[in-house]
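Structure record follows, encoded as structure tokens.
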Amino acid sequence: MGCLVRRRAFLFGVGTVWACLAAGAALAADPIRIGSFLSVTGPASFLGEPEKKALELYVERANRDGGVLGRRIELVIYDDGGAGEKAATFAKRLADSDKVDVLIGGTTTGTTMAAVPMAERAKVPLISLAAGIPIVDPVKPWVFKVPHTDRMAAEKVILDMKKRGIAKIALISEDAGFGKSGHDQTVAVARENGIEIVADEVYSAKDPDVTAQLTKIKNSPGIQAVFNFGAGQGPAIVTRNYRQLGIAVPLYQSHGVASKEYIRLAGDAAEGVRLPAAGLVVATQLPATDPQKPVVTAFRAEYEKAFKSEVSTFAGHSYDALQIVLAAINRAGGTDKAKLRDEIEKTSGYVGTAGMVSMSPTDHMGLSPSAFHMVEVRKGDWVLLD
């Protein structure tokens, strides 16, 4: 409008018109740059691929609607394949060469933690899509995350076990960032709740078979349930081997498998498996009074229409990260990194696919345990238990 008014003043001089044109050109040439490093291929691909799809979909929509503050969004994504060293390299490239304003990634705890030191040194806001509690505990000034923590998952599972009268369990976990952190949190939570861990086994994300570890668990006396902490393809292998060995006690997984892809990979072996998950995977089963319901049902419908595939929790993570970033840019009035960091930290009352988010200087995630639901696999689908 200002330029239109000045355009009418053109009769008094052409300089103002050229100033308006120059300002418009500068605006068009100065996009908001969002950088992302995701595990689109590799063992964690069924987490990273939907994350990439959701980011691209909603950046395209934002640009179609005029961008943010009149500026177009430029999205730069690198595939780290689940490797920490690649994640660190790409994060550095995004900050130093691509000159991004903010980082979204990584897909896994391991890839995120590999990039954290660079984000802190470069003072670039980083919002992780991974769950490990070390990402935000202790709080790091420039690092945030959107999924529930592994500690929250352990607490939800242990509480469900106690309700079922389970007192002795076996723990099996992946020997990488998410699995290691989840293992340690589960040990602590189990101890606090009087649950005895009778057997404790580990596996690698690249292991094609975990029968040896599960055989040890099967032969351990007194076990009433088994809890696996891992993400990507590993938990599906654990599930198949578990059924092949005929282990009869309940099997629990973490929120690291809250995707229909896990059910597809595990097949009939997934029947009866329980895990904590965000409301997104049971969107239609949430009560009408749940403030998340309109958000998750709309996101689910939009994602599935765009990609002709079922939505996953992980697509929701990148959606939430993007929405938090765009709202923070709006509040900051631009992409000054310090101001943007401050506004991300001030995120309050955001209702996303993971739950209601209210961050603070002492909480760079902002989710409460109530954002988690216990679900069970029945007839190839998720069923809400609470």
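Protection proxy ranking for 298-309, 342-353, 124-135, using the average of other Cβ atoms within 10 Å per residue and placing the highest first: 124-135, 342-353, 298-309. For the set ASP137, ASP65, ASP363, solvent exposure ranked by accessible area (probe 1.4 Å, protein chains only) runs largest to smallest as ASP65, ASP137, ASP363. A Förster radius of 35 Å combined with the Cβ-Cβ distance from GLU271 to ASP65 puts the calculated FRET efficiency at roughly 0.25. Using a cutoff of 8 angstrom between alpha carbon atoms and counting only pairs six or more residues apart, the relative contact order for the stretch 150-277 works out to 26 percent.
DSSP bridge analysis restricted to the chain gives an antiparallel fraction near 25%, rounded to the nearest 5.
Global size of the stretch 221-341: 18.4, 61 Å for Rg and Dmax (C-alpha atoms, Rg to one decimal, Dmax whole).
Between ASP209 and THR41, full extension at 0.36 nm per residue minus the direct alpha carbon distance yields a gain of 58.5 nm. Measure nothing but the geometry: give the 0 to 90° angle between the long axis through the Cα atoms of 293-307 and the longest principal axis through the Cα atoms of the chain, rounded to 10°. On a 0 to 90 degree scale, this one is about 80. A Gaussian network model of the chain, with springs between Cα atoms under 10 Å, assigns the largest mean-square fluctuation among LEU47, LEU326, LEU265 to LEU265.
Built from the Cα atoms of the stretch 150-277, the convex hull projects on average onto 6.5 nm², one quarter of its surface area.
Segment LYS123..VAL187, full-extension length gain: 19.6 nm, with 0.36 nm per residue of separation and the alpha-carbon distance subtracted. Gyration tensor over the Cα atoms of the chain: the corresponding equivalent ellipsoid has semi-axes (square roots of 5 times the eigenvalues, largest first) of 43, 20, 18 Å. Atom-type composition of the exposed protein surface of the chain places 54 percent of the accessible area on carbon and sulfur (1.4 angstrom probe).
Each peptide among 327-333, 53-59 gets the average number of other Cβ atoms lying within 10 Å of its residues, and from highest to lowest they stand as 53-59, 327-333.
Within the stretch 115-198, the trypsin sites (Lys or Arg not before Pro) that combine a DSSP coil assignment with at most 15 other C-beta atoms in a 10 angstrom radius are LYS123, ARG164. The H on the amide N of VAL202, modeled in the peptide plane, is under 5 Å from the matching H of SER173, each at least 5 residues off or on a different chain. For ASP268, the shell of other residues with beta-carbons less than 12 Å away shows a net charge of +4, using +1 for Lys and Arg and -1 for Asp and Glu. Accessible surface area normalised per residue over the stretch 150-277 is 39 Å², counting heavy atoms of protein chains with a 1.4 Å rolling probe.
The values are calculated or read from the model by the stated rules, or taken from the named source; none is laboratory data. What you see is a predicted model, and the numbers here were worked out from it, not measured in a lab. A quick note on method: Cβ atoms are made from the backbone with ideal geometry, for glycine too, and the neighbour counts reach across all protein chains shown. Just so you know, the surface numbers come from the protein's heavy atoms only, side chains and all, with ligands and any DNA or RNA stripped out. Shrake-Rupley method; radii C 1.70, N 1.55, O 1.52, S 1.80 Å.
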